[in-house]
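Asks: Input: one structure, supplied below.
What follows is calculated from the coordinates using simple rules that are stated; it is not laboratory data. All values reported here derive from a predicted model rather than from experimental measurement. Every residue, glycine as well, gets a Cβ built from its backbone with ideal geometry; the counts of neighbours run over all protein chains shown.
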Amino acid sequence: MFEGMTSSTLLEKHPRLEDVMCSLDSVGKMPRGVSAEIRQAVALARRFNETVARPYALELDREMHEDPAFIPWDLVKEINRWGFYTAWIPKIFGGKGWNLGSLIPVVEEFCSECAGIGNLMGVEYFGMSVLFAGWNTRITDKICRDVVEGERSGEPCLIAGLVTEPGAGTDAEETELLHKAQVRCLARKVDGGYVVNGTKVFISNGHVSTWHISTAFEDLSRPAESMMCFAVRRDAKGFNFGRMEKKMGQKGCPASEIIFEDCFVPDEDVIINGEQIRKLRHSPKETAQQVIDFVVTLTRPGVGAMGAGVARGAFQEALAFARETEVGGKPLINQEWAQCLLAEMYANAALARLTYMECNHVTGLYGMAWMLNWKPLYYYMKAMPPSVLDRVMPFANRLQATQQAFRKLIMDWQKDEDARRASGWASLSKFAATDLGIKNCHLAVEFMGEAGIRHDHRAEKFLRDSKLLQIYEGTNQLNRLNLFKCLVAPAAPEAQVFEE
């Protein structure tokens, strides 16, 4: 019966234990203080929801519907006042240094009331992840301290990430697809910097951000081998805002068009370019994919958390409706069919949360910011007074040696299987949780009948907000293929992914 079944054959037929037991591995490896930080951060987000988000969510949705060019500056300032824009900036760059594992549950909490407001807060860290992915400590320190100063002064300094182009959306997140994309954002080397021309679209928080962290290409005929990344301020010559998108959902977070017209970017604002990439261990194409994966392994579970948030929000509205509604002289909450449907909705929200929490464990162990969870460094950062770090780290972060050390530790030393595991689980969380989120929103609208399509009952808003979650950070179709590439294909080496 077992003839020919070697141990290696058996392993090929099952997922690697390391791929499916990261939550167990994290019990001993992660600092004990992380769970307490998550509870504290979620409690703060819940207070924000009660005092700011829920009372304002429907009004903001109406304002943006009536005037798509409306910019919610007062809300941006309020989020800034509560400290959410600096909370997850590491202390070595001037921030509060909350553990990144607490960010994603906070995103769920925000989105359980309004995904637009959740994105207005959370997408700040998409821009920050693009900034961090090149591990240029000098410019990262400069921009992060601008954000911290914006909190102190009461004038928010936000960061936007610029990746999507008119002809390159999902394709821009896989180097194997870049040759099919119509990328047009060209960075031409000149004395002292680069001249950039091109357009970026669907840029969340574009119109409210001060710093814009953008990808571009030094050779449009070979985009996968010539990707670079730079930072540009909104007041730079040649940087222009185009239209604001008219959105079906998540209206509270503006989506912008950004146009570069002979925009000069000095060398000091280049995060990583071809010359620097060629000094690293991987090939330029492999490094480009590594940089992309550094970003999406943080942001895709964030979108999964948004899916869990709308799933929970839709469930909560359906539950409230069932408690206050009678059908046939009997409370709806006491009818068996309603109880079964509400139980299914509760399960969908819980399952969505489990996917992003498992991914949280994966990224905490193997992702771009794994070093922040290394126990000696974690407790050292907790114990060190910010005033001491603020005197020392700006100087240290400007040193070429610091940048080289971080790139060696994070980029050159990353194991291929660790990168694969983190990327695969990020995709799993993204498509599974957002599909569950939109399913719950459909169920809520149908369950509530005519009330479900009334704006004041919120269910239809959750449904409008949820659709976008299946599209950005790579469509759910792309994320299924990425999961196959990262977690399934290693057991089927004959498989060819992204091949026509």
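Asks: Report the relative contact order of the chain, percent, no decimals, based on alpha-carbon pairs under 8 angstrom and at least 6 residues apart.
Replies: Relative contact order here is 18 percent.
Asks: Rounded to whole Å, give me the distance from the Cα center of segment 195-226 to that of segment 246-317.
Replies: Their Cα centres are 10 Å away from one another.
Asks: Kindly work out what percent of the DSSP beta bridges joining two residues of the chain are antiparallel, to the nearest 5.
Replies: 85
Asks: In whole angstrom, note down how far apart the Cα centers of segment 54-84 and segment 338-390 are.
Replies: Rounded to whole Å, the Cα centres lie 27 Å apart.
Asks: If you don't mind, there's one more thing I want to ask. What do you get when you divide the Cα radius of gyration of segment 204-335 by 2.2 N^0.38 Å, with N the number of residues?
Replies: For segment 204-335, the normalised Cα radius of gyration is 1.62.
Asks: Only sites in a loop by DSSP and with at most 15 other Cβ atoms within 10 Å count here; which trypsin sites (Lys or Arg not before Pro) in segment 202-245 make the cut?
Replies: LYS237
Asks: Taking amide H positions as placed in the peptide plane 1.01 Å from N, state which residues far from GLN250 in sequence (5 or more) or on other chains have amide H under 5 Å from it.
Replies: GLY116, ASP465
Asks: Ignoring the sites themselves, what is the longest stretch of the chain with no chymotrypsin sites (Phe, Trp or Tyr not before Pro) in a DSSP loop and at most 11 other beta-carbon atoms within 10 Å?
Replies: So the longest stretch without any such site is 3-412.
Asks: With bins 10 Å wide starting at 0, give me the P(r) of the chain over every alpha carbon pair, in whole percents.
Replies: Percent of Cα pairs in each bin: 4, 19, 30, 27, 14, 5, 1, 0.
Asks: Tell me, what is the Rg over Rh of segment 159-273, with Rh the Kirkwood radius over Cα pairs?
Replies: Over the Cα atoms of segment 159-273, Rg/Rh equals 0.96.
Asks: Taking segment 418-474, which trypsin sites (Lys or Arg not before Pro) meet the DSSP loop condition and have no more than 14 other C-beta atoms within 10 Å?
Replies: The qualifying sites are ARG454.
Asks: At most 12 other Cβ atoms within 10 Å and a DSSP loop assignment: could you name the trypsin sites (Lys or Arg not before Pro) in segment 278-365 that fit?
Replies: Passing sites in segment 278-365 are ARG278, LYS279.
Asks: May I pose another question? Calculate, in nm to one decimal, what ASN334 and GLU417 gain on full extension: separation in residues at 0.36 nm each, minus their alpha carbon distance.
Replies: This chain segment gains 24.8 nm when fully extended.
Asks: Report for segment 159-273 the percent antiparallel among DSSP-assigned beta bridges with both residues inside it, nearest 5.
Replies: Counting only bridges with both partners in segment 159-273, antiparallel ones make up about 85 percent.
Asks: While we're looking at this one, here's another question. Fully extended, how many nm does the chain gain between ILE453 and LYS96 (0.36 nm per residue separation, minus their Cα-Cα distance)?
Replies: Contour length minus the Cα-Cα distance gives 124.4 nm.
Asks: Next question. Applying 1/(1 + (r/R0)^6) with R0 = 35 Å to the Cβ-Cβ distance of LYS29 and GLN182, what FRET efficiency is obtained, to the nearest 0.05?
Replies: The computed FRET efficiency comes out at 0.20.
Asks: Moving on. For every other residue with a beta carbon closer than 15 angstrom to the beta carbon of TRP211, add +1 if it is Lys or Arg and -1 if Asp or Glu, then tell me the sum.
Replies: -3
Asks: Related question: Name the residue from ALA322, ILE259, VAL296 whose Cα lies farthest towards the positive end of the charge dipole of segment 181-339, charges +1 on Cβ of Lys and Arg and -1 on Cβ of Asp and Glu.
Replies: The residue sitting most towards the positive pole is ALA322.
Asks: So, one more: Where does the chain land at 222 nm, in deg cm²/dmol rounded to the nearest 500, when only DSSP H runs of n ≥ 4 count, each adding -39500 (n - 2.57), divided by all residues?
Replies: -16500 deg cm²/dmol
Asks: What number comes out for the charge environment of VAL52, summing +1 per Lys or Arg and -1 per Asp or Glu over other residues with Cβ under 12 Å away?
Replies: Result for the neighbourhood of VAL52: 0.
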